[in-house]
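Engineer: Mind having a look at this structure? Questions to follow.
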Amino acid sequence: MHEAAHSELHPDTLAVVAGRPAHAPDAPMNVPVHLTSTYVAGGDLEYGRYGNPSWTAFEDVLGALEGGRCVSFSSGMAAISAVLDLVEPGGLVVAPRHSYTGTVAVLEERAGLGRLRVEFVDIADTAAVAAASEGAALVWFETPTNPALEVADIAAISAAAHLHGALVAVDNTFATPLLQRPLALGADLVVHSATKYLSGHSDVLMGAVVTASDERADSILQRRTLAGAVPAPLEAFLALRGMRTLAVRLERAQANAQELVRRLDGHAALEEVRYPGFGAVVSIVVRGGAAPADALVGRTRLWVHATSLGGVESTFERRRRWPAEQPTIPDGLVRLSVGIEQVDDLWRDLAGALDAIA
Ligand code: PLP
């Protein structure tokens with residue numbers, strides 16, 4: 001479909017129609033999986049590390065949803081590394097204290113090697129982030145944060161960072177472009193772990209970077225080509241297939257999350273229920289810390305004890321079971337990724353386990 005036609009469409013529709021083959025007799029409905037390592041010479045693609053039509057279809061859809069040019073990667077971490085590669089040696093990166101553990105690890109590793117400097121901030125404190133962005137090369141953040149669920153003011157932080165000449169990159173994994181469009185709010189780059197909501201079925205690892213600047217998109221593409229962090233064609237096909245149903249999955253998962261938050265509120269086994277008001281990730285803090293929280297995740301039949309999130313099935317885990325998780329995350333914090341099951345079934349299973357540990 002022509003770009004101009006896209007601009008009139010609701011994002012829920014774009015997720016369904018963008019990136020399809022042209023409507024022509026006998027054209028397939030979906031871009032097929034292109035399993036090839038090389039192409040006949042003389043065209044635009046030439047070699048499997050340079051491009052693949054299965055990636056392009058995924059990139060067309062995510063680019064249309066985020067409002068920029070998308071470059072897909074083999075994982076969210078590969079996408080994050082490509083963005084960090086934009087920072088000149090010794091440049092300052094401002095990042096949330098409670099970012100995803102992999103993000104904190106890659107920032108700390110690069111800082112330790114002297115490749116960049118990093119300052120961790122409370123991303124919900126806009127004034128503090130604005131002050132820290134003076135002299136920064138990149139203000140990086142995710143919002144809501146994983147797993148603390150703090151929310152950043154993307155527009156205010158972007159404006160402050162731009163005053164100081166810093167680039168702004170937002171990890172939009174938790175919200176997805178259907179709930180939050182960072183580029184429209186002033187960010188320069190958006191990053192996704194497409195492994196999560198975009199794919200949505202816990203069967204794919206993939207990542208992506210989206211930017212409205214052609215020059216920046218070219219440098220990101222160059223990073224992918226040279227580092228070789230390319231998605232597999234089948235993964236790109238599956239991730240795109242997942243994105244086709246993103247709107248309905250998210251609508252259901254979010255409604256389930258909101259209902260569970262309502263029912264969880266004030267439960268005797270809990271110290272706190274954290275929910276930013278949108279999306280389908282909820283963090284609960286179990287009274288008594290690690291031991292009762294570990295008991296909780298071992299007592300359910302529907303909820304799966306697993307580390308990823310954003311799938312159709314509900315998963316949960318105590319985040320501090322990972323030694324890399326920040327010590328400022330409560331020991332008893334259990335992150336719930338609410339799926340699309342029937343909410344009464346989810347509640348019965350969770351409430352039964354909570355009552356048993358209360
Ligand atoms: N960003 C966030 C917010 C995440 O939660 C994760 C993974 O859990 C990543 C990035 C890394 O993505 P991937 O596991 O696809 O490399």
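The values are calculated or read from the model by the stated rules, or taken from the named source; none is laboratory data. These numbers were taken from a predicted model, which means no experiment stands behind them. Positions of Cβ are generated from backbone atoms using ideal geometry, with glycine treated the same way; all protein chains shown enter the neighbour counts. Note: areas computed on protein heavy atoms with side chains; ligands, DNA, RNA excluded. Shrake-Rupley method; radii C 1.70, N 1.55, O 1.52, S 1.80 Å.
Engineer: Suppose all protein chains stay in the model; what accessible area per residue would a 1.4 Å probe give for the chain, in Å²?
Structural biologist: On the way: 15080 Å² over 358 residues.
On a per-residue basis, the chain sits at 42 Å².
Engineer: Based on the Cβ-Cβ distance from LEU185 to GLU313, what FRET efficiency comes out when R0 is 35 Å, to the nearest 0.05?
Structural biologist: With a Förster radius of 35 Å, E is 0.65.
Engineer: Between PHE278 and ARG241, 0.36 nm times their residue separation minus their Cα-Cα distance comes to what?
Structural biologist: Numbers: separation 37, 0.36 × 37 = 13.32 nm, distance 2.36 nm.
In short, 11.0 nm is gained.
Engineer: Follow-up. For region 1-158, what is the percent of antiparallel DSSP beta bridges, rounded to the nearest 5?
Structural biologist: Given both bridge residues lie in region 1-158, the antiparallel proportion sits at roughly 10 percent.
Engineer: Then there is this: What is the set of long-range amide H partners of VAL230 at a cut-off below 5 Å, with H atoms built 1.01 Å from backbone N?
Structural biologist: Distant-sequence amide H within range of VAL230: SER74.
Engineer: Same structure again: Using Stokes-Einstein with the Kirkwood hydrodynamic radius over Cα pairs, what translational diffusion coefficient do you get for the chain at 37 °C and a viscosity of 0.692 mPa s, in µm²/s rounded to a whole number?
Structural biologist: Working: Rh = 21.1 Å.
The calculation lands on 156 µm²/s.
Engineer: While we're looking at this one, here's another question. For the chain, what does the helix formula give at 222 nm: sum of -39500 (n - 2.57) over DSSP H segments with n ≥ 4, over the residue count, nearest 500 deg cm²/dmol? Walk me through the numbers on the way to the answer.
Structural biologist: Values: 12 runs with 130 residues, N = 358.
Calculated mean residue ellipticity at 222 nm is -11000 deg cm²/dmol.
Engineer: Sequence gap at least 6, Cα distance under 8 Å: using those rules, report the relative contact order of region 3-244 to the nearest whole percent.
Structural biologist: It comes to 24 percent, rounded to a whole number.
Engineer: Ignoring ligands, DNA and RNA, what percent of the 1.4 Å accessible area of the chain is carbon and sulfur? The partial results should precede the final answer.
Structural biologist: Numbers: 7980 of 15080 Å².
Ligands and nucleic acids excluded, carbon and sulfur give 53 percent.
Engineer: Sticking with this structure for a sec: Efficiency by 1/(1 + (r/R0)^6): what FRET value for THR38 and ASP203, r their Cβ-Cβ distance, R0 = 22 Å, to the nearest 0.05?
Structural biologist: Details: r = 27 Å, r/R0 = 1.23.
Efficiency for this residue pair is about 0.25.
Engineer: How large is ³J(HN,Hα) for each residue in region 326-331, as worked out from phi by the Karplus curve 6.51 cos²θ - 1.76 cosθ + 1.60 (θ = phi - 60°), to whole Hz, x for Gly and Pro?
Structural biologist: Here the 3J(HN,Hα) series is 4, x, 7, 7, x, 3 Hz.
Engineer: Based on the Cβ-Cβ distance of HIS6 and ALA306, what FRET efficiency does E = 1/(1 + (r/R0)^6) give at R0 = 45 Å, to the nearest 0.05? Walk me through the numbers before you get to the answer.
Structural biologist: Working: r = 36 Å, r/R0 = 0.79.
The value I calculate is 0.80.
Engineer: Where Rh is the Kirkwood radius over the Cα pairs of region 261-312, the temperature 20 °C and the viscosity 1.002 mPa s, what D in µm²/s does Stokes-Einstein return? It would help to have the intermediate numbers written out before the result.
Structural biologist: Working: Rh = 12.3 Å.
Once the numbers are plugged in, D ends up at 174 µm²/s.
Engineer: For region 36-93, what is the convex hull volume of the alpha-carbon atoms per residue, in Å³?
Structural biologist: Per residue, the Cα convex hull of region 36-93 comes to 127 Å³.
Engineer: Going through region 214-318, which GluC sites (Glu not before Pro) have at most 16 other Cβ atoms within 10 Å and a DSSP loop state?
Structural biologist: For GluC sites (Glu not before Pro) across region 214-318 that sit outside H, G, I, E and B with at most 16 neighbouring Cβ atoms in 10 Å, the list reads GLU313.
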